[in-house]
Structure formats: C-alpha cells, structure tokens
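Asker: Submitted below is the structure of interest, expressed as structure tokens.
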Amino acid sequence: MPSLKDVKMQITGVKKTSQITKAMNMVSAAKLRGAQTKMEAFRPYAGKFNEALRNISANMKSSQFALMQAREVKTVEILVVTSDRGLCGSFNTNIIRMSERLMKKYEAEGKKVSLVCVGKKANRYFRKTGKIRAHYIDIMGNFQMFNARAIAQDVAANFIAGGADEVQLVYGSFISVARQTPTTLHFLPVKSVDTGEEANTAKSGQTGAYIYEPSPEEIMDVLLPLYTNVMVYNAMLEVGASEHAARMTAMDNATKACKDIIHNLTMVYNKARQAAITGELMDIVGGAEALKG
Amino acid sequence: MAELIHLEVVTPSGPVVSEDVDIVSAPGYGGDFGVLANHAPFLSTIKIGGLVYKKDGKENYLMVSGGFCEVSNNKITFLVESAESGHQIDVDRALRAKERAEKRLAEAKSQAEKINMARAQAALQRALARLKVAEKSPK
C-alpha cells in the first residue's frame, strides 16, 4: 500500500498536468479558428487560379515550359511539410511515415531521392538520412505568402537546373477538425491540367477565342511559378490548420486520461486512508480491551 | 441603364470585391486597359498599380499588386497578391516606404546589387501606387 502522502502528491501532479493539457487544448482551439479562417480565405483564390490555368493550358504544348517538362526520372525530390511543434498526436508521424514509404519506393526503383523539409519535425527526423537538400524551420507558426514563395522558387529552380526530375509534395491535408490525413501530391513537372470530360469539351471552344496580353506563352511563364506558390502555400495552410486540430484532439484525450488517473488515484488514496483509520481503531480498541482485562 | 459587368477581386487572404459595375480599368501588361460589359474573353497579367471601377456613377479605387485577370462570360476576375482600397491605405507609411525605397535605389546603384534593386523597385512601385490611390479616393 503506498503511503497517503505519496498518493496525495501524485494526485496533485496529475492535476497540474491536466491543467496544462486543458490550457493547450483551448489555445489550439483558438489558433485553429485563425488557421481555418486563413485557409478558407485562400480557397477562392486557389480555385479561381486553377480554373484560369486550366483555361490557358488546355491548348498549349507542355514541353515548351521549363516547369512542365517531363524528363526521364532519375532523381526525385520529396517536399515534406510538417509542423514545427509536437504534442499533436500522430499527425506529424503520419506525414513522415508516408514520406518514408515514398522514399523507399523510389529507391527500390533505383531513383535517387532528395528531401526538402518544411517544419522542424520533418527536418529532425530526416536529418540522419543525410538526404535533406534544404530545410525551412520555424516558419509554420506565422507564415505568409512570401514564405511559400521562397520555398516554391527554390524547389522550382532546382527542378529547372536538373537537380530533380520529379517533385512530390507530402503534407497533412485538413479534412475536418477530427480528421487529418497525410496526402501526396504530384508537384513538378506541372502536368497540363487533366483534360477532364466536362471541363474541356465545353471550354476548349471558348479558350481559343481568348485575347491574351501578352502572348499565352508569356502569361504561362508568369502563371506557372505562381501556381507552384499556390500549391506550397495551400499545403502550408492545411498543415497549419491540421496541426492545431490534431493538437486539440490530442490534448483533449490527455485531459480525459488525466481525469481517469485522478479518479483511480483518489480511490487508492481513500482506500489507504480507510486502512489507516481502521488500523488506528484496531489499536485503540485493542488498547481498551487490554486495560479492561 | 447600361449593362453591367461582374467584377471580382480575389487575393490569397480572401475575396475583396464582388459586385456588378459599369466599367473597370486596370494596369495591364501593356498599360492600363478598360473593360465594359460583354467584353470578349481576355486574359492579361496585372502590374502593380491602381484599379478603378465605376458603379452608380461613383468611382472606386483599389491598389493592386501583381497577378493576372481574366474576362469571360461578362465577368472579370482579378487574381492579385494584394488589394487595398483607398481608406485602408496608410499614407504616412506609404510615404516612408517610398523614401526608403528611393534611398535604397540610390545606394544600390553604386553597389550594383541586382536583387535588392529589384526589390526596392517593386517596393517603390507599390508605395507610389498606394499614394496615388489614396489621393484619388474620397476621404
């Protein structure tokens, strides 16, 4: 039987932990709201952007743009986006595991793999592999479009220079507050947007009639880098929101677990107290009996 | 009443304008261009500058920075990195930014730092566009 004092101290300790997890839960809830608003504000931009890009690229040869050039794939770059901080359940682990699987798959095919890590978690995990080409840490807390632009530009430049023949993007996409799944997206070369059934039969007739200023090619030269920015920024936004949602859930679970532990410990404490009282009573009764005798 | 065209200005931080207007004038690749209702499908890149749209006889000004715009189906959509209306512009800050950029440009010329120069030039353009828009907008 543990001593009364030990149990009491344990209970106090767990209570304090639960205070912290509860506070973290509330902080994450507040931050999630911010991240979600930011993400939702970006959606119309991304949607309109893809629409416009589809319109232009529909009748254009993909080979004439550096960012769209499909080459024989010898080296693959994986752009991994995770959060900077932990304590958010299996969120980062899932992303990292997915990247690792992807990495192993490419290596089994005899391709070289390099990594670009966004977020401390990915960087710390992959550091020992020595495959990290570039890393961006401490930006997930508060990032803007220009952070995404810097990353996209670096990756695109490396792609154009031949440092990688294909780039995959792995991030945690935000499905709902309760669900975040790791996702892999084909990043570069930009595939001429799928000539989907409904989209193109209707639009191809129209696209030809567009007046372009400057030429369509020059517009594409501007649009394609922008497109990479949009992709990276979107991934970062989703990871940002997912991180907070995951942490909220994790901290909620932790607070619940704390409650359970406190409950159990209180039982132990009460039992120990009862045992002590019974023991004392026995002593007193025993003493009284002895005096009588 | 004249026909209207639907104007939408969308930035990464959310839609800014979405309304039916009489005419839109914007800084395109080859200079300012105007768009009226039922314009032919059109696509242009957008430079830093002032966007003007007229609604119910009233002119509204927006400062836009780089992006592109698409006209189709009597709808004009601007996708720009940022858009600010006149009253949102901090004139003092824009003035300071202008001075700073001019100073940098003067210094950069001697040092021949290309990247910084491009950045300062963009900053200067933004500051000038902001000032212009702020000046034209009703107080």
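Asker: What's the number of the condition A:MET68 fails, among (1) closer than 30 Å to A:ILE211 by Cβ; (2) within 14 Å of chain B (Cβ to nearest Cβ); (3) in contact with a Leu (Cβ under 8 Å, 6 or more places away or on another chain)?
Answerer: It fails just one condition, (2).
Asker: Condition test on A:MET248, is it within 12 Å of another protein chain (Cβ to nearest Cβ), modelled with pLDDT of 90 or more and either within 22 Å of the chain's Cα centre (by Cα) or closer than 30 Å to A:ASP154 by Cα (or both)?
Answerer: No: the conditions fail for A:MET248.
Asker: I need the full set of residues from the range B:38-51 which are small (Gly, Ala, Ser) and within 9 Å of chain A (Cβ to nearest Cβ), in order please.
Answerer: Residues satisfying the conditions are B:ALA40, B:SER44.
Asker: Moving on. Looking at the range A:106-132 only, could you name the residues that are closer than 22 Å to A:ALA150 by Cβ, among the basic types (Lys, Arg) and out of contact with any Ser or Thr (no Cβ under 7 Å at 6 or more places or on another chain)?
Answerer: Residues satisfying the conditions are A:LYS120, A:ARG124, A:ARG127.
Asker: Of all residues in the range A:207-221, which are modelled with pLDDT under 55 and either out of contact with any helix residue (DSSP H, G or I) (no Cβ under 8 Å at 6 or more places or on another chain) or farther than 17 Å from B:SER72 by Cα (or both)?
Answerer: A:GLY208
Asker: Considering only the range B:1-37, state which residues are within 12 Å of chain A (Cβ to nearest Cβ) and outside any strand (DSSP E or B).
Answerer: B:PRO12, B:SER13, B:TYR29, B:GLY30 - these are the residues of the range B:1-37 that are within 12 Å of chain A (Cβ to nearest Cβ) and outside any strand (DSSP E or B).
Asker: Now for a different question. Filter the range A:18-43 for residues that are surrounded by 16 or more Cβ atoms within 10 Å (Cβ to Cβ) and either within 17 Å of A:SER83 (Cα to Cα) or of a type in the set (Val, Ile, Thr) (or both) and give the result.
Answerer: A:THR21, A:MET24, A:ASN25, A:SER28, A:ALA29, A:LYS31, A:LEU32, A:ALA35, A:GLN36, A:LYS38, A:MET39
Asker: How many of the residues in the range A:74-96 are under 27 Å from the mean Cα position of the chain (by Cα) and in a loop (DSSP other than H, G, I, E, B)?
Answerer: Adding up the residues that qualify gives 9.
Asker: Just name the residue that is surrounded by the fewest Cβ atoms within 10 Å (Cβ to Cβ) out of those in the range B:27-83 that are among the acidic types (Asp, Glu) and either within 13 Å of the chain's Cα centre (by Cα) or closer than 18 Å to B:LYS136 by Cα (or both).
Answerer: B:ASP56
The values are calculated or read from the model by the stated rules, or taken from the named source; none is laboratory data. Since we're looking at a predicted model, the values are computed, not measured. Virtual Cβ from ideal backbone geometry, glycine too; neighbours counted across all protein chains shown.
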